[in-house]
Each structure stands twice: as structure tokens, then as C-alpha cells.
Amino acid sequence: SNYYGEKTDILPIVQELNIYESIYNNAITGTLVIGDTKNQIARLKIQGLERLSFKVQTPGQTGLKDTIDFSEESGDPLHVYKITNRRMVSQNLMVYTIHFTSREFMRNLRTKVSQAFTGTLDEAVHKITKDYLDSKKTLTFEPCGNSDKFTIANMRPFDAINMIAKKALPEKSDGVGYYFYETTKGYHFRSWENMCVSQGRNRRSEEH
């Protein structure tokens with residue numbers, strides 16, 4: 001849907017869908033390769049303010065772990081931020097790539113954190129994720145063994161969380177440093193050791 005709330009079904013012209021997630025990235029990204037025979041891109045007037053909604057399921061499966069849900073109903077549509085690789089393949093076919101990312105990535109660009117924090121570091125990360133990124137996604141976390149009093153002044157939320165992650169010490173292991181990353185199932189704040197040996201059952205989530 002665009003800035004004016006107009007919705008367009010682009011499924012018939014989608015040639016390829018890619019979603020990228022990594023423990024080194026604070027937000028998921030992805031691409032849609034479009035094969036456009038009706039000059040949809042000109043009519044849509046894509047400006048980088050559009051939202052992209054879809055739901056993908058493994059054939060024959062209906063469980064949450066088999067579903068990637070970025071639909072309007074889930075409350076988590078993605079955001080288009082650029083278009084690349086426009087080329088005329090034939091007289092009637094234009095191919096191009098739409099790049100998208102999560103809402104939190106876009107929110108991070110427009111928000112700064114200026115606040116004093118007291119308590120465990122995972123609590124600070126949860127507060128920044130909720131209050132500054134305005135995220136309603138589940139946060140899977142490993143409890144931190146260290147508490148601190150510190151002030152963050154005029155930093156983007158991802159930068160603030162990454163700074164905290166470097167200082168975080170796991171409660172039940174000797175590891176140092178955490179990773180803050182997004183997958184199609186939500187956000188994670190965990191150490192390398194925790195990712196290797198557990199499913200990260202500690203979760204905080206907000207109601208949509």
C-alpha cells in the first residue's frame with residue numbers, strides 16, 4: 001500500500017522473493033524481483049514510503065514455525081526503501097528489484113535515544129526496543145548477569161543497543177558480548193554460547 005492507503009496486488013508480477021537475516025544485522029532485509037509487463041512501477045509511483053504485506057507458508061503446513069507473516073493482519077508489514085536494477089528485457093517487459101526492510105529499521109533512522117538506565121542490560125534493551133523502536137515483536141533474550149547505571153545521549157536505537165550488547169555478560173556462562181538481531185520470528189538478544197546450546201526460551205512480547 002502507498003502513502004495514500006491505495007493497495008495494489010503485485011503477486012502476479014513477482015518473479016523472486018528473498019529475505020535476508022543475520023546475527024550481524026539489527027533488522028531483516030529483502031528483495032522482490034519484478035517482471036513488469038504493464039508498467040506497474042510508473043502507475044504505483046513508488047517513493048520509498050510504501051508498505052509491503054505478504055504471508056508465506058510451507059506447503060501442507062499451518063504452524064507458526066512454518067509461516068512467515070508480514071501481513072496487515074499481523075501488524076508487521078515491511079517497508080520499501082529503494083528500487084534498483086531497472087532494465088528493459090524486451091519491448092514489453094521491464095525487470096527491476098524492490099528492496100524492503102522491517103518497520104523497526106525505518107523507525108531507527110528517525111529516532112534518537114536520550115535516557116538514563118538502571119538495571120540489567122537485557123532490561124535496557126527491552127525498553128529501547130519497545131519505547132524507541134516502537135516494536136511489538138517478540139524479543140527472545142538471554143538474561144544478563146551484569147547490571148549498570150548508564151546514560152545514553154542522542155544515539156540511534158540500534159547504535160545504543162549494539163553498545164549495550166558489547167558490555168553484556170551472560171548470567172549463566174562465561175561468554176562476553178551479545179548479538180541483537182532480527183529474524184522472521186522476531187528480535188533476539190543473546191550470546192553466541194546461548195545460540196549454540198539453547199532455544200532461548202526467555203521471551204518478552206507486547207500485544208499488537
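The values are calculated or read from the model by the stated rules, or taken from the named source; none is laboratory data. These numbers come from a predicted model, not from an experiment. Every residue, glycine among them, receives a Cβ derived from its backbone with ideal geometry; neighbour counts consider all protein chains shown. With ligands, DNA and RNA removed, areas are computed over all heavy atoms of the protein, side chains included. Shrake-Rupley method; radii C 1.70, N 1.55, O 1.52, S 1.80 Å.
Results, tabulated for the structure shown:
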| item | result |
| --- | --- |
| Listed residues 190, 87 arranged by accessible area, highest first, probe 1.4 Å | 87, 190 |
| Over the chain: helical MRE at 222 nm, DSSP H runs n ≥ 4 each giving -39500 (n - 2.57), nearest 500 | -5500 deg cm²/dmol |
| Area of residue 133 that stays accessible when all protein chains are in place (1.4 Å probe, Å², to 10) | 0 Å² |
| Solvent-accessible surface ranking, highest first, for 121, 64, 49 at 1.4 angstrom | 64, 49, 121 |
| Convex hull per residue volume in Å³, alpha carbons only, for segment 91-208 | 140 Å³ |
| Per residue, the convex hull volume that the Cα atoms of the chain enclose (Å³) | 139 Å³ |
| Residues of segment 53-73 with amide N under 15 Å of a point placed 7 Å along Cα→Cβ from residue 11 | 53-60, 68-73 |
| Range in the chain, longest, excluding exposed chymotrypsin sites (Phe, Trp or Tyr not before Pro) [loop by DSSP; at most 12 other beta-carbon atoms within 10 Å] | 25-208 |
